[in-house]
Each structure stands twice: as C-alpha cells, then as structure tokens.
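K.L.:
Mind looking over this structure? Questions follow.
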Amino acid sequence: MYGRLFGGVSEMTTTGAAPLRLRAFDLEDLGVVSSMVQDALVPGRDMKYLAQEHSFMLALNRFQWESAGDTPPYSRSHAGLRFDHVTHVSRRGIGPDSADKIFALLAIAYHDDAVMLTFSGNAAIRLTVEKLAIGLTDLGTPWPTQWKPGHDPDAKAD
C-alpha cells in the first residue's frame with residue numbers, strides 16, 4: 001500500500017471535495033502539514049520504516065481541520081504521510097508491543113537534521129533526514145464525526 005501513495009503528488013489542492021494532497025520541502029511547508037495532521041489517530045501497526053527506500057510512512061485517521069466549522073458535523077479521512085531521505089529512526093514509547101495501540105499525533109517539527117513526530121502519552125519518533133521531503137495524501141472518502149479534538153490551554157505537560 002505505501003509504495004503507491006505519493007506518486008505524482010506535486011501541488012497543494014484543498015478546493016471543493018478534492019482530497020488533500022500536500023508536499024513539504026521547507027519549514028513553512030512543514031508547518032502547514034503539521035497543522036493538517038494535528039490530532040490524527042495512528043495505529044502502531046501502521047508506522048513503517050522502509051530502510052531500502054529511505055522512507056518512513058504512516059497510515060492515519062486525520063481530522064479535517066481545513067473544513068471544520070464551529071459546530072458538527074465535522075469530517076475525518078484516512079491519509080498517508082510519507083517522509084523521504086530518512087537515514088535513521090528513533091522511537092520513544094512506541095515499540096514492537098505497540099501494534100494494537102492507537103497514538104494521537106500532536107505535532108511535527110524539524111530541528112538539527114531531524115523530524116520530530118510528537119504523540120500524546122509522551123511518545124515520539126525522531127527521523128534523521130538528509131533533507132525535508134514530506135508527502136500527505138488523503139485516501140478514500142471522508143466520513144462525518146460529531147467530535148472535534150480539543151486541547152486544554154491551561155493543561156501542564158508532564
């Protein structure tokens with residue numbers, strides 16, 4: 001499934017009912033991608049490092065922030081997120097025993113030649129990269145949801 005997700009993706013498209021298709025090559029682009037996947041749900045089994053392809057991929061359940069209004073219904077969609085030029089992967093709180101766990105992706109950041117994926121529950125993935133090259137593509141038809149992710153601005157981190 002992963003190998004065919006991002007072929008030919010070269011532009012941003014968010015008009016109408018078209019699936020979201022983004023590519024990120026710099027920090028500004030990365031900020032857009034990070035905002036689009038905030039609060040995505042990611043099964044542990046759907047995170048994969050393809051060492052021979054120098055890629056790391058995730059299949060996720062993405063809240064569609066770009067179309068979210070103030071009241072329900074909201075939308076979610078399946079999406080693929082791919083990082084290219086990956087030379088090493090480090091994980092915290094996500095291991096071989098995490099296949100059946102669901103992780104909430106909070107943010108993606110870039111520091112010192114590494115992409116950091118921060119998840120709820122103090123879990124994280126650090127991708128050492130030669131350069132930024134990220135693809136995000138919605139897959140399939142969105143579905144309605146009554147629940148919009150929320151964040152307590154007064155909550156303190158552990």
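K.L.:
Which residue is nearest to the chain's Cα centre (by Cα), if the candidates are limited to the stretch 55-73 and must be surrounded by fewer than 17 Cβ atoms within 10 Å (Cβ to Cβ) and touching a residue at least 60 places away in the same chain (Cβ under 8 Å)?
P.N.:
The residue in question is Ala68.
K.L.:
Can you list residue pairs whose Cβ atoms sit under 8 Å apart, with the first residue in the stretch 21-34 being within 16 Å of Leu117 (Cα to Cα) and the second being part of a helix (DSSP H, G or I)? Count only pairs 6 or more apart in sequence or on different chains.
P.N.:
Close Cβ pairs satisfying both conditions: Ala24/Leu30; Ala24/Val32; Ala24/Val33.
K.L.:
Would you please list the contacts, defined by Cβ atoms under 6 Å and residues six or more apart or on different chains, that run from a residue in the stretch 76-103 that is touching a residue at least 12 places away in the same chain (Cβ under 8 Å) to a residue that is among the basic types (Lys, Arg)?
P.N.:
Listed by first residue and then by second, the contacts come to Ser77/Arg62; Ala79/Arg62; His85/Lys131; Ser90/Arg126; Ala99/Arg45.
K.L.:
Also, I was wondering about something else. Can you name the residue in the stretch 118-137 that is modelled with pLDDT of 95 or more and closer than 28 Å to Gly69 by Cβ and, of all such residues, is surrounded by the most Cβ atoms within 10 Å (Cβ to Cβ)?
P.N.:
Leu136
The values are calculated or read from the model by the stated rules, or taken from the named source; none is laboratory data. All figures in this text were calculated on a predicted structure; none of them were measured in a lab. Glycine also receives a Cβ, built like all others from the backbone with ideal geometry; neighbour counts cover every protein chain displayed.
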